[in-house]
Amino acid sequence: MRSLITADIHLRNWPEFSYRDKAGRHSRLHWGLQAIRHAYVIARRNGCENVIFAGDIFHDLGHVPGEVIWWAAREFDQLSTNNPGINTFILPGNHDQILAKGVEPSIVQVLERSGVYVITKIEVLKDISKNIIFMPIDYKDWSSSTNQINGAKRKSDPPGSCVMISHFPVTGAIPGESNSIKTVTFSPEAFHAN
């Protein structure tokens, strides 16, 4: 199973340093939606079965403007229709706590109707060689992160053989974990390898 993982799209209809397009969106929202579309292009080109947005799909903390939700849902609906066989996951980040905490269940419902699965609790996606563990973080209680990581490791089969996807800085954020968790960064050239 191949997955494309990206993060930090930060959709917002920013008026600063932007212009409005013909559809009424500010150009910065347009470019965020374009980044989402490009993720699917890369996923198709590389035979991926999953596109995973690992945090901060939205920008505004505590409230997502209706027009941004509408544009995001419209985009995901078109992408899921045009890309059968590619699953879409959103793992909420620190800017997406409105999704994680169920503050606005209607936003989650709108996204899920558009073909997106919003992850609000620790979940394991079984793969042939490893388990992929989606791990939402409680950003108000960082001390619980170590317990969450250890619990997620125990859920893998065999224990410890897993890929964890989350949205938080590992190095220095969780005592004792900086040596056992590897972070991988890809260059833009890596996406054009195929």
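For region 1-63, a simple Cβ point-charge model (Lys and Arg +1, Asp and Glu -1, everything else neutral) yields a dipole of about 340 debye relative to the Cα centre. In this structure, the amide hydrogen of Asn87, modeled 1.01 Å from its nitrogen in the peptide plane, lies closer than 5 angstrom to those of Asn50, Val51, counting only residues at least 5 positions away or on a different chain. Considering all different alpha carbon pairs of region 1-85, the Kirkwood hydrodynamic radius works out to 13.5 Å. Under the convention that each Lys and Arg Cβ holds +1 and each Asp and Glu Cβ holds -1, the size of the dipole of region 1-121 around its Cα centre is about 320 debye.
Just so you know, all these numbers are worked out from the coordinates, no wet-lab data involved. Worth saying up front: this structure is predicted, and the values here are computed from it rather than measured. In this analysis, Cβ positions are derived from the backbone assuming ideal geometry, glycine residues included, and neighbour counts consider all displayed protein chains.
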